[in-house]
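Step one of this worksheet: look at the structure below.
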Amino acid sequence: MKSILITAAGIAIVAALTAAPSEQKPETPKAPEQKRPKLTLKARPDVGIAPMRVVLTAEFEGGSDDFEDYYCPTVLWEWGDGTVSESSTDCPPYEAGKSQIKRRYTMEHNYRRSDPSGKIRAYFSLRHREKEVAAAGVNIAIQPGGTDNR
């Protein structure tokens, strides 16, 4: 109910307006909004002397468990020393609300040499239908030593 106050020549007139309830259409249920999980990449150890074995872990945190772009991706590891590893798997077709994304990827790599700068940048990326959909990088400090053959 709304009230309107009108004043004319010092006389206050109050009119009450009432609106008849209108018929409302039932809302159509919306598909749940998919939130993009956040990608992090960690190297263990992230500092060492060449030759050095490093374990990299890419992990998704938060977001939807069935985020379509991250379902059954091609995985690409760029090690920062000129080598690359790529893998993909054969998966059933994506089904909204049923298909689950993989949240953790782990791979190890042996760095035989250090870089003149002392730092190497490794990258992890996911591709879906030939398009990069997620990527993260991490710095690794590798100093010369041992059998480092630069």
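Quick look at the values:
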{"read-out": "The listed residue being closer than 14 Å to E78 by Cα, out of contact with any Asp or Glu (no Cβ under 8 Å at 6 or more places or on another chain) and loosely packed, with under 14 Cβ neighbours inside 10 Å, out of E130, E108", "value": "E108"}
{"read-out": "Candidates D46, D66, D90, filtered to the one that is touching an Asp or Glu at 6+ places or on another chain (Cβ under 9 Å), modelled with pLDDT of 55 or more and acidic (D, E)", "value": "D66"}
{"read-out": "Options V138, V133; residue that is part of a strand (DSSP E or B), farther than 16 Å from V54 by Cα and touching a strand residue (DSSP E or B) at 6+ places or on another chain (Cβ under 7 Å)", "value": "V133"}
{"read-out": "Verdict on R129 being modelled with pLDDT under 95 and among the basic types (K, R)", "value": "yes"}
{"read-out": "Selected residue (only one of G118, G97, G137, G145 is among the small types (G, A, S) and loosely packed, with under 11 Cβ neighbours inside 10 Å)", "value": "G97"}
{"read-out": "Lone qualifier among T147, T106 - being of a type in the set (S, T, N, Q) and modelled with pLDDT of 95 or more", "value": "T106"}
{"read-out": "Residue among T106, T89, T57, T40 that is of a type in the set (S, T, Y) and assigned to a loop (DSSP other than H, G, I, E, B)", "value": "T89"}
{"read-out": "Every residue from segment 49-87 that is of a type in the set (S, T, N, Q) and within 13 Å of L126 (Cα to Cα)", "value": "T74, S85, S87"}
{"read-out": "Segment 87-114: number of residues that are over 26 Å from P51 (Cα atoms) and among the polar types (S, T, N, Q)", "value": "4"}
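The values are calculated or read from the model by the stated rules, or taken from the named source; none is laboratory data. Only a predicted model underlies this, so the values are computations on that prediction, with no experimental measurement involved. Here the Cβ is made from the backbone with ideal geometry for all residues, glycine too, and neighbour counts use every protein chain on show.
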